[in-house]
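Please read the structure below before turning to the comments.
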Amino acid sequence: MELIREKFERVKTFLQPKGITKRWITSTLLVTAIVLFIILAVCIFAVAGYYNSYASNTLYSYANDSVITFFSPYLDGTDEAFQEKSMEFVENFTDKSKVEVVVIDKHGAVCVSSSGFKGQDTLENMEDVHNAMKSKTGISRWKGFNSNGEHIMSVAMVFPTSDGNFKGAVRFITSLKAIDAQIYTFIAIVVLIYIIALGFVTFSGSFFVRTIVVPVRKINDVTKAFTQGNIDARIELQGDERDEINELADSVNNMLNEVSATDKIKNDFITTVSHELRTPLTAIKGWGEMLRELGPDDIELTKRGTDIIISESERLSQLVEELLNFSRLQNGTLSLRLEKIDVLAELDETIFVFKERSKRDGIELTYSAPDLPAPMMADPNRIKQVFVNILDNAFKYTEQGGMVSVEAFIDGERLIIQVLDTGCGIAQEDLPNVKMKFYKANIQVRGSGIGLAVVDELVKMHNGTLDIQSKLGIGTTVTIILPIEEVKIDESINLINDIIGDDLSDV
C-alpha cells in the first residue's frame, strides 16, 4: 500500500509540478523538447528537399536542347509529320519505366504519351505548360496532384516560336508515390527517435530531479518539525555517496545539534540566572521584614541585617552589570574608554579587595608582581572587570583551606598574569567550551555562565589573549597576556609620577 501511495505521489508530482520539478519542466524539459523538435523538423525538411530536388533535377536533365533540335524541323510542318516524330521520340526515350513523356501539339492537345493514355487533360489544365510559356527559359516545374489524385512532379518544355504562337511542348512526368513513401518512413523513424529521446530525457531528468527533490523535502520536513518543537528531529538520507545533498543534510543536522545544545544552555542559563536573582532577593526581603520588626535596642542585629542587605544588593548589581555587559557585547555596543594606565596598579587594587574575601572564605591568597609599572592604553574599568571576574571564579571553585596564587611578570612588551587555584578543576571535555556564552562546567556553583565569555572578549578588545588550563580535581590556571609599552628603568619614575600624582623627582 505504501509503494502504491509513493508511486501515486510521483505521478501527481509530475502532472502537477511545483517548485524544483516545475522549474525543471519549464526550463529544461520544455527547452529540450523544443530543440529536439526543431532538429526533427530540420531533418524532415532536409530529407524531403533532397528527394524532391533529386526528382526535379532528373526531370530537368531530360528537358535539354537536344529535344528542341529533334522537334525543330517539324514545328511548322503537318500534324501527321509532327505526330510521327513525336512517336519516334517517345519510343526512343530510355526511362519510360520511371518517367512518363507526353508530347503536346500546337493545338494544345496530347499528341503522344509514353503511358499510352492520353487522358482528358487540355492545355488549360496543364499548369506546368502555362508556366513554361511565361518563363524566359521556356521550362517550368510543377508539383501537385493529377486528375486521378496521384501526387506527381512534372517539367514542361515549350518549343520556341518566332511569331508568338504556341508550337507545342514536351512534358516529363514522374510519380512521387515512392518518394513520399520514403519520406513518410523517414518521418516515422525520426518521430519515433524523438519520442524515445524525449522519453529518455524525461525519465532520466525526473529521476535526477527526484534525487534532489525527495531529500530536500526530507530536509524541509525535519526543519519544520524542529521549529514546531520536535528538537530530536534529524535528517536521515540513504546512500553512502558524499554529494552536495548529503553535505547539506550533515550541515543542517550539525546546525540542529548546535541549536539544541544552545537551547539547553539557554534554558540552563535562565534557570541559573533566576536562581542567582532569587537568592539575594530572598535574603534582602527576609532581612528587610526582620528589620521592620526589630526594636531600637537590637543594634547588633540591625547592623548585621543591613550589612547582608548591602552585600546582597552589591551581588545583584554585579549580576545585572554582567548581564548588561553581555548584552552590549552581543549587540556590538560594548565600547572602551582608552587612557594610559598602569595595568599592575589595577591588579594591585583588585588583589587588595580580594584580601578581605580570602580571610572570610578561609582561602590563602598569594600575590607576586614586579616593582616596575606596566603602561598601556586601556579602559581601566574593563581591565579591572577582567581581574575581578577571573579572581571571583578562582575563589568560587576553591574550597575552604585551598589556595589562589596570582603571579605577574613582564616579558619585553608583554605583561603575563597567571591566576592559579587549587579548586575542583575542569574536565577535559568541558575545557574547550568554558569561554562559550551560557556554558557552565559545574552547575553546582553559583554564576551566570557568561562571565568568562565577557572576559575573553574584553581581553581581545585590548589586543590580548586569554588561556585556560585545568585538571579535574587538581586546579585551574588562567593566563592573561596583555600588550604593554616597554619602559626603561629611568623612565619608570616619571611614569609613576604621572599615574599616582606624587612628585618623586628627588628620588
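For the residue pairs K340/K435; K355/K384; K85/K143, the C-alpha atoms sit more than 25 angstrom apart in K340/K435; K85/K143.
Shape class for segment 56-123: oblate, because the ratio a/c of the largest to smallest gyration tensor axis (alpha-carbon atoms, square roots of eigenvalues) is 1.5 or more and b/c is at least a/b. Taking the accessible area of segment 295-380, probe 1.4 Å, and keeping the other protein chains in place, the carbon and sulfur fraction comes to 52%. When the pairs K303/K359; K303/K396; K218/K266; K224/K471 are compared against a 31 Å limit on Cα-Cα distance, K224/K471 fall above it. Judged by the ratio a/c of the largest to the smallest principal axis of the C-alpha gyration tensor, segment 65-194 counts as prolate, that ratio being 1.5 or greater while a/b is larger than b/c. Relative intensity of segment 290-432 on a log10 scale, I(q)/I(0) at q = 0.12 Å⁻¹, equals -0.68, per a Debye sum over C-alpha point scatterers of equal strength in the absence of solvent.
Averaged over its residues, segment 53-187 has an accessible area of 56 Å² per residue, based on protein heavy atoms and a 1.4 Å probe.
Between F45 and T94, full extension at 0.36 nm per residue minus the direct alpha carbon distance yields a gain of 14.5 nm. Using a/c under 1.5 as the rounded threshold, could you call segment 314-362 rounded, prolate or oblate? The axes a ≥ b ≥ c are square roots of the C-alpha gyration tensor eigenvalues, and prolate needs a/b larger than b/c, oblate otherwise. Verdict is oblate for segment 314-362. Placing R0 at 56 angstrom, the Cβ-Cβ distance between R292 and I416 gives a FRET efficiency of 0.60 after rounding to 0.05. So if we plug the beta-carbon distance of E124 and L248 into 1/(1 + (r/R0)^6) with R0 = 56 Å, what FRET efficiency do we get, rounded to 0.05? The pair E124/L248 has a calculated efficiency of 0.10.
The values are calculated or read from the model by the stated rules, or taken from the named source; none is laboratory data. Predicted model, so just to flag it, every value in this text is computed and none were measured. FYI the Cβ positions are ideal-geometry reconstructions off the backbone, even for glycines, and counts take in every protein chain you see. The protein model used for the area step is the full one, side chains on, heavy atoms only, and it has no ligands, DNA or RNA in it. Shrake-Rupley method; radii C 1.70, N 1.55, O 1.52, S 1.80 Å.
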